[in-house]
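Read the figures in this text as sums done on the coordinates, not as results from a lab. Computed from a prediction, not measured in an experiment: that's the story for all the values here. Cβ coordinates were reconstructed from backbone atoms using ideal geometry, including for glycine residues, and neighbour counts include every protein chain displayed.
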Amino acid sequence: GGRYLYYIVDELERRGMPTELALLPMVESAFNPMAYSRAHASGLWQFIPSTGRNYNLEQNWWYDGRRDIMASPDAALDYLQALHEQFGDWHLALAAYNMGENGLARAIERNRARGKRVDYESVAIPRETRYYVPSLQAFKNIVVNPAAAGIELDPLPNAPYFVTVTLTRDIDIKVAAKLAEMPVDELVALNPAHNRPVVAAAVAPQLVLPADRAEEGQ
């Protein structure tokens with residue numbers, strides 16, 4: 001997650017959202033932008049196709065915005081903000097992100113009809129969703145105090161890991177990596193939304209490069 005966290009945290013802080021949400025991709029995808037589920041969810045934030053389209057994540061032969069390391073967190077945070085506005089609580093917003101807002105709304109209405117509480121602990125939700133928020137809290141606890149978990153985390157610099165450059169023509173990923181003097185797999189990890197070995201400038205004109213490689217890449 002070190003490649004992506006600065007951008008996500010910066011966006012969370014800009015929006016005034018809880019910064020621990022930056023760890024949600026750990027729960028969703030283990031920070032693997034190529035993760036793909038049986039429900040056809042894809043990317044760091046595991047958008048299904050329909051929700052991705054609802055939040056302007058283009059999906060075509062060349063490009064899948066659900067895997068874009070800038071577009072997908074922007075869309076995920078838009079979605080989480082909308083869920084928070086709908087349910088008025090971050091725990092419920094996270095539950096809705098996992099199970100879908102319609103399913104959670106029905107569970108809440110069932111509790112209201114029975115005169116029961118409608119908080120995260122009280123509504124009837126799937127087993128996976130029940131462990132969703134605790135999993136995020138566990139990752140937060142580990143990051144805050146890794147020694148208590150018996151591990152050591154590498155420090156992350158408080159600086160952008162990547163920058164974008166604008167393409168004026170199509171370019172082969174391997175050629176781009178060679179020009180930037182970096183491994184191909186690292187370049188793919190920063191540009192996982194491209195479905196083909198050639199980046200089509202007309203479809204997705206921004207290429208993401210490590211901040212220290214951008215000058216070489218140009």
Given charges at Cβ of Lys, Arg, Asp, Glu: the chain dipole, positive-most of A113, N145, Y132:
A113
Ratio for the chain, C-alpha Rg to 2.2 N^0.38 Å, reads 1.12
If I model a spin label as a point 7 Å beyond the Cα along the Cα-Cβ vector, how far apart are those points for N111 and D212 in nm?
4.9
CD proxy at 222 nm, helix term only [per DSSP H run n ≥ 4: -39500 (n - 2.57); per residue of the chain; nearest 500]
-13000 deg cm²/dmol
Across 10 Å bins from the origin, how do the percents of Cα pairs in segment 95-209 run, short distances first?
11, 24, 16, 25, 18, 5, 1
Would you please name the trypsin sites (Lys or Arg not before Pro) within segment 52-132 that are DSSP coil residues with at most 15 other C-beta atoms within 10 Å of their C-beta?
R114, K116, R117
I need the Kirkwood Rh of segment 60-128: take the reciprocal of the average 1/r across all distinct C-alpha pairs and report it in angstrom.
13.3
Rounded to whole Å, sorted largest first: equivalent-ellipsoid semi-axes of segment 63-102, Cα gyration tensor
21, 10, 7
Could you please state, rounded to a whole Å, how far the C-alpha centre of segment 29-53 is from the C-alpha centre of segment 75-145?
19
Can you compute the modelled spin-label distance between D78 and N145, with each label point 7 Å from Cα toward Cβ, in nm?
3.9
Once amide hydrogens are built 1.01 Å from N within the peptide plane, the residues lying 5 or more places from V163 or on another chain with amide H under 5 Å from its amide H are L209, A211
Per-q log10 I(q)/I(0), segment 149-207, q = 0.31 Å⁻¹ (Debye; single scatterer per alpha-carbon; no solvent)
-1.44
For segment 1-88, what does the convex hull of the Cα positions come to per residue, in cubic angstrom?
99
